[in-house]
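Here the structure comes first, spelled out in structure tokens, and everything after it is commentary.
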Amino acid sequence: MGFHPPSRQGMTDWTSLQTAMAEHGYVASDDLAMALHIARSLGRPLLLEGAAGVGKTEVARVLAAVEDTRLIRLQCYEGLDASHAIYEWNYPRQLLAIRAAAEDGESARAAETRVFSEDYLLERPLLAAIRQDRAPVLLIDEIDRADEEFEAYLLEVLSEFQITVPELGTLTAVTRPTVILTANGTRDLSDALRRRCVYAYVEYPSREVELSILLARCPEIADQLAAQIVGFVQAVRREDLEKKPGIAEMLDFAAALSGLGIADLNDDPVVLGATLATLLKTRQDRDTLSVEVAQRLAGKAA
């Protein structure tokens, strides 16, 4: 069966896609929205690079919501192999079936044919992604954490969108997933992978964009406090930190302040210091950004 192109939801230009993403809570920059639109139009994977916490993974989640389709995620890590990414056999169930077949007098050949059927096949993300009736969004998260050998194998899957299972033959995609890869710069990716992808670098958002994100996600926060929060977090990122707070941390910080009934960042230095736990995730960063430094930054935030 041939490919069915991914649903376009009637979106014929990148601005329509950008608007649809905003309606689902993601404020995409012009460059990102354009790159995503081009990738979808060409049927190419989209490679997103950028610091941790800038919203790369969220792009896939929101796109799946916009497309009203399934999000399938492959989390990469060192040592990831095909059995965890593509498929594996349900060995315990196969063993039970073989034992039952022997007790029933079934021939070894018949038992082997039966246990190496799709009934005993466990789909992992890559195989699941090409077997959906409706084209899903396939997120290959942190591809730079996987080994180079796996990256090379992934290239083959993404170019052909088919997977060979020796016992079953070649399984070809019915629908072609929209593929999004993310990377944090853990290692250099191969030129071969980059050539096959549309590329976008995701920066930390501008003050205006980050304020729009905060107001979209936390509409209950007053405009004045929202402006203070964004100004403060962006000032924190300019400090010499090991792990700069991302958008998710900013939203957690805002939710914590709102939950504590804070209307102004300068109201209570003790509370401000305590809520830094949502922004700073290492002991070194907590030592670097003391309560006194946080108060100074809060005083300048507006």
Item to complete: Test Leu211 against the stated conditions and say whether it is within 30 Å of Lys300 (Cα to Cα) and either buried (at least 19 other Cβ atoms within 10 Å of the Cβ) or hydrophobic (A, V, I, L, M, F, W, C) (or both).
Response: yes
Worksheet entry | Within segment 135-245, strands (runs of 3 or more DSSP E) holding 1 or more residues that are among the charged types (D, E, K, R) | 137-141
Worksheet item: Does segment 67-75 contain at least one residue that is under 25 Å from Gly185 (Cα atoms), in contact (Cβ under 8 Å) with a residue 24 or more places away in the chain and in contact with a Ser or Thr (Cβ under 7 Å, 6 or more places away or on another chain)?
Response: no
Worksheet item: If we scan segment 101-109, do we find a residue that is loosely packed, with under 15 Cβ neighbours inside 10 Å and in the same structural domain as Leu181 (by TED's automatic domain parsing)?
Response: no
Discussion item. Of the conditions (1) surrounded by 15 or more Cβ atoms within 10 Å (Cβ to Cβ); (2) out of contact with any Leu (no Cβ under 8 Å at 6 or more places or on another chain); (3) at pLDDT below 80, Phe116 satisfies every one except a single condition; which number is it?
Written reply: (2)
Fill in: For Ala135: the one exception among (1) without any contact (Cβ under 8 Å) to a residue 60 or more places away in the chain; (2) surrounded by 15 or more Cβ atoms within 10 Å (Cβ to Cβ); (3) among the hydrophobic types (A, V, I, L, M, F, W, C); (4) over 19 Å from His84 (Cα atoms)
(1)
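The values are calculated or read from the model by the stated rules, or taken from the named source; none is laboratory data. Because the structure is predicted, anything quoted here is derived from the model rather than measured. Neighbour counts run over all protein chains shown; Cβ positions are idealised from the backbone, glycine included.
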